[in-house]
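The values are calculated or read from the model by the stated rules, or taken from the named source; none is laboratory data. Note that the coordinates shown come from a computational prediction; the quantities given were computed from them, not determined experimentally. Glycine gets a Cβ as well: all are built from the backbone with ideal geometry, and neighbour counts include every protein chain shown.
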Amino acid sequence: DLPPRLFGIPTSVDIRVLFCNSNLLRQAGLQDAQRRPIPPANWDQLRDYANRLTAYNRPGDRASGIRQLGFAPNYGNSWLYLYAWQAGGEMLDPTRTRLTMDSPGVMRALRFMADIYDDLGGFRNVEAFAQGFQSGELDPFNRDQIAMKIDGNWALQRIADWRRDMDFLIVPAPIPQDRLDAGHQPITWAGGWSLVIPRTARNKEGAFKLIQFLSSREVTLQLEEARREQLEAEGKLYLPNGKANRAIYEELIETHVASNPRMPQTFKDAYAVLRDLMPRTLIRPVSPVGQLLWEQHRWAYEQGVSHSGERLTEEQSGAILRMAQAPVQRRLDVILSPPEPDRRVDWTPWFAGYGLLVLTPLALMALAYRRNRGAMGYRGPEVRAALLFVSPWMFGFVVLVGGPILFSIVLSFTQYDVLSPAHYAGLDNYRLIADDPRFAKSLGNTAFMVLRIPLTMAVSLAFAMLLNRSLLGIGFYRTGFFMPAIVPLVASSLLWIWLFNPSQGALSEGLRWVFDLKPLQWLSAALGVSFEPPGWLQDPAWSKPSLIIMNVWASGGGIIIWLAGLQSVPRQLYEAASIDGAGPWKRFVHVTLPMLSPYILFNAVTGLIGTMQIFGEAFIMTEGGPRESTLFYAYHLFREAFQFFNMGYASALAWILFLVVLTLTLLQLWLSKRWVHYEQP
């Protein structure tokens, strides 16, 4: 009953459909008398096709790994949203004020997705096969490694770019048979982009005129024409991008696809399906918690498909979905309860106070200069020159370091989402942290990674002792061991993603070769167990150890520090110990380690601080998965701040992290009095 509201002007859309490899369907006998492939018509057929079209490395043995994938519910771009709508479920009620993720339709959709993965040997088995997939000319659908997938219309351009002659077809993603019997038609869902005007924009009229211009027919056709000329100049086939304006999109399809004699028939048929589906396209519910809802819906999907037990039960799916919707509902309730106007943050006194805090030491310095100018021999030009040289650092610290630090303290006691003014919330953010299961989860994951500190220290010290010799070419070896430490994190992460590939990675292939040796085969038969490589980044039990292995590989950065320490140990101490009968091990324990204790303390403190802030590996390699096993504290903070725009809550998390790091550092320094030995002058 609420009146419609305009939140933005959509410009581009994407429609999800079922892509089918016609040749693979024919090879499996899924064709009619005229050899035309028969796509699945309902959920039961889709599940049956997924099994019939999947091939394993050893025929019939799902544990041997997948060689060809028939269909995976979420390979491509479908997500739980699509299956929930197909089953008649909704994530939000019509008023957009109550979460309905635990409704029967959504629960049924989650069980359907889990059942298909279970049929194929489990979610981990499918993910192990999919981890090695690439894009472009190596796209697995284009290379006949995948028979069917639900993907967006953008995948048509990929086929046109790299395999224009491919025999494929697209159809609406099938829905349950009982929904078909009830008169429902297949549906799809669309994402896309919109142009919006923030409420705080200063020139709303000018912004709306710009939106009108950018979304007009003339500008849209000009942009598409430029794109067409670019693609054809590269020798590629031009296919229109999805447009939110249906009239413009219909015109582009008619001009460049339907009436184009050079357009292959497969693409003409594909666009005919897209045109037919456009009236039955749904969009994700518009909500201020839309991004958080998406993340929780994604979490529920991951928890459901990687469930424990033989099959995901109705009780399990309901519990997962209720757990997923709880934080979204809490956040939505806060947003729908507008804060009192008198609690709005007035930043003027805070800026004035910070300015006074900055100017006070400067004023004291000026006063000290005037009083001691004669006695200390200060010269005005020299003082002014010194201040001029130090001013860039002072400005940077005041604006980029000190200011954000102090203002984040204030933000931690507010409700602030960047787009709206901040309002005081008292201790609410800190109370929410106590009730946030991801706070404890991320803190536990981060604490586990502390194990990498002694491992990296031990490995780097061992290498340093090997390199602490006067040999021909020792500089070359030192450089080689140090190289991994200076490889950019993105590059090394992509390298280890390939190495950790469970199906094709070098580590897994090497372990398979070892496990195939006769002694291990005999041991496997005797114990009644099967030796298989771990799932690495795809396995919650192995994801963090995998990252630790990667960190140990890059531990060469500590070699320089250890070398400096080893070369500072007086040689006469080793000589005296040898005369007293100490062997290599006793000399290491009683001479080397005590003399290196200051370096051990330094590496331990810096390693602990770095570990508590671990972020890049999770952001690049795992996105916090699988099943939040790599959701580290800093990554959790980042998501709250820059994905959900919950700046007040993120600031509270940041200050808790600061207090934890400070406490652990002070504890280390206090304990160091008992075991750190400094050389007396």
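Just one of the listed residues (V529, V514) is surrounded by fewer than 20 Cβ atoms within 10 Å (Cβ to Cβ), touching a helix residue (DSSP H, G or I) at 6+ places or on another chain (Cβ under 8 Å) and at negative phi, namely V514. Here the condition is being in contact with a Leu (Cβ under 9 Å, 6 or more places away or on another chain), without any contact (Cβ under 8 Å) to a residue 24 or more places away in the chain, at negative phi and not assigned by TED's automatic domain parsing to the domain that holds L82; of L231, L239, it holds for L231 alone. Beta carbons closer than 9 Å, at least 6 apart along the sequence or on distinct chains, pair a first residue in the stretch 496-522 that is of a type outside the set (V, I, T) with a second that is exposed (fewer than 12 other Cβ atoms within 10 Å of the Cβ) and not in a helix (DSSP H, G or I) for F515/S530.
If only one of R124, R108 is part of a helix (DSSP H, G or I) and surrounded by fewer than 19 Cβ atoms within 10 Å (Cβ to Cβ), which one is it?
After applying the criteria, what remains is R124.
If I filter the stretch 418-426 for residues that are closer than 25 Å to G624 by Cα and not aliphatic (A, V, I, L, M), do I get at least one hit? No: the stretch 418-426 contains no residue that is closer than 25 Å to G624 by Cα and not aliphatic (A, V, I, L, M). Flag: D115 matches the condition of being surrounded by fewer than 20 Cβ atoms within 10 Å (Cβ to Cβ), over 24 Å from the mean Cα position of the chain (by Cα) and within 21 Å of I150 (Cβ to Cβ). The residues listed here are Y249, Y301, Y238; of these, the one that is within 28 Å of the chain's Cα centre (by Cα), among the aromatic types (F, W, Y) and crowded, with 17+ Cβ neighbours inside 10 Å is Y301.
The single condition among (1) within 26 Å of T446 (Cβ to Cβ); (2) buried (at least 19 other Cβ atoms within 10 Å of the Cβ) that L467 does not satisfy is (1).
So that you can scan it fast, the table gives a plain yes or no per residue for (1) of a type in the set (D, E, K, R); (2) closer than 30 Å to N603 by Cβ; (3) assigned to a loop (DSSP other than H, G, I, E, B):
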| site | (1), (2), (3) |
| --- | --- |
| I620 | no, yes, no |
| F638 | no, yes, no |
| G648 | no, no, no |
| S651 | no, no, no |
| W655 | no, yes, no |
| T665 | no, yes, no |
| Y678 | no, yes, yes |
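Scanning the stretch 327-342 for residues that are more than 13 Å from A425 (Cβ to Cβ), touching a residue at least 40 places away in the same chain (Cβ under 8 Å) and either among the aliphatic types (A, V, I, L, M) or exposed (fewer than 15 other Cβ atoms within 10 Å of the Cβ) (or both) yields V328, L332, L336. Does the stretch 23-42 include one or more residues that are charged (D, E, K, R) and under 30 Å from E532 (Cα atoms)? No, the stretch 23-42 contains no residue that is charged (D, E, K, R) and under 30 Å from E532 (Cα atoms).
Rundown of residues vs (1) within 30 Å of W536 (Cβ to Cβ); (2) surrounded by fewer than 16 Cβ atoms within 10 Å (Cβ to Cβ); (3) at pLDDT below 95, yes/no style:
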| site | (1), (2), (3) |
| --- | --- |
| F129 | yes, no, yes |
| P140 | yes, no, yes |
| A147 | yes, no, no |
| W162 | yes, no, yes |
| A173 | no, no, no |
| D178 | no, yes, no |
| L214 | no, yes, yes |
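For the stretch 476-487, the criterion of being within 24 Å of E127 (Cβ to Cβ) and exposed (fewer than 13 other Cβ atoms within 10 Å of the Cβ) is met by no residue. Taken as a whole, the structure leaves R311 outside the set of residues that are exposed (fewer than 15 other Cβ atoms within 10 Å of the Cβ) and touching a strand residue (DSSP E or B) at 6+ places or on another chain (Cβ under 6 Å). Picking from residues in the stretch 91-103 that are in contact with a helix residue (DSSP H, G or I) (Cβ under 7 Å, 6 or more places away or on another chain) and surrounded by fewer than 22 Cβ atoms within 10 Å (Cβ to Cβ), the one that is farthest from A173 (Cα to Cα) is T97. Counting the residues of the stretch 272-291 that are in contact with a strand residue (DSSP E or B) (Cβ under 9 Å, 6 or more places away or on another chain) and part of a helix (DSSP H, G or I) gives 5.
Is the stretch 39-50 home to any residue that is assigned by TED's automatic domain parsing to the domain that holds R108, within 30 Å of I248 (Cβ to Cβ) and either at pLDDT 95 or above or touching a helix residue (DSSP H, G or I) at 6+ places or on another chain (Cβ under 9 Å) (or both)? Looking for residues that are assigned by TED's automatic domain parsing to the domain that holds R108, within 30 Å of I248 (Cβ to Cβ) and either at pLDDT 95 or above or touching a helix residue (DSSP H, G or I) at 6+ places or on another chain (Cβ under 9 Å) (or both), one finds at least one in the stretch 39-50, hence yes. Looking across the stretch 620-675, the residues that are under 17 Å from the mean Cα position of the chain (by Cα), buried (at least 16 other Cβ atoms within 10 Å of the Cβ) and either among the acidic types (D, E) or more than 30 Å from I497 (Cβ to Cβ) (or both) come down to E628, E640. Those residues that are of a type outside the set (S, T, N, Q), in contact (Cβ under 8 Å) with a residue 60 or more places away in the chain and assigned to a helix (DSSP H, G or I), I need them from the stretch 527-560; list them, please. Once the filter is applied, which keeps residues that are of a type outside the set (S, T, N, Q), in contact (Cβ under 8 Å) with a residue 60 or more places away in the chain and assigned to a helix (DSSP H, G or I), the stretch 527-560 yields L537, K544, L547, I548, M550, V552, W553, G557, G558, I559, I560.
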